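Structure, as structure tokens:
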Amino acid sequence: MRVRALAVLVLGASLVFAGAANAKSSKHSEKQAKGATQVATLQVDGMHCAGCQGAVQSALSHTKGVKDADVSLKDNEAKVTYDPRKTNTKKLVAAVDHAKGMAKYHATLKKS
């Protein structure tokens with residue numbers, strides 16, 4: 001009976017320890033996943049109206065790897081949060097340059 005109780009106690013302790021280790025590992029993985037994004041600021045020339053802003057916004061948002069795109073008509077820039085494993089700044093610039101709108105747009109990467 002004592003052997004059985006001891007076995008249950010050891011098994012229970014090992015499950016608790018394993019659960020704590022998995023929780024710690026899971027939190028570490030979440031931090032890595034969240035930290036995987038980068039932010040690029042693009043200077044966007046050629047935007048003259050809200051339609052232009054929308055065209056650039058749409059082009060960036062539909063680019064694979066882009067998590068968020070905030071396009072400012074007032075500042076003529078776009079702040080893009082992206083996953084560098086899926087895209088890069090050259091592709092972001094190309095997306096703006098090929099955006100379909102009323103005007104021709106040109107983007108350059110702003111230095112931070």
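The values are calculated or read from the model by the stated rules, or taken from the named source; none is laboratory data. All values reported here derive from a predicted model rather than from experimental measurement.
Quick notes on this one:
- Verdict on Gly46 being under 16 Å from the mean Cα position of the chain (by Cα) and on the phi > 0 side of the Ramachandran plot: no
- Once segment 72-112 is narrowed to residues that are within 15 Å of the chain's Cα centre (by Cα) and polar (S, T, N, Q), the residue that is farthest from Val44 (Cα to Cα) is Thr87.
- Conditions (1) under 25 Å from the mean Cα position of the chain (by Cα); (2) modelled with pLDDT of 95 or more; number of the one not met by Lys34: (2)
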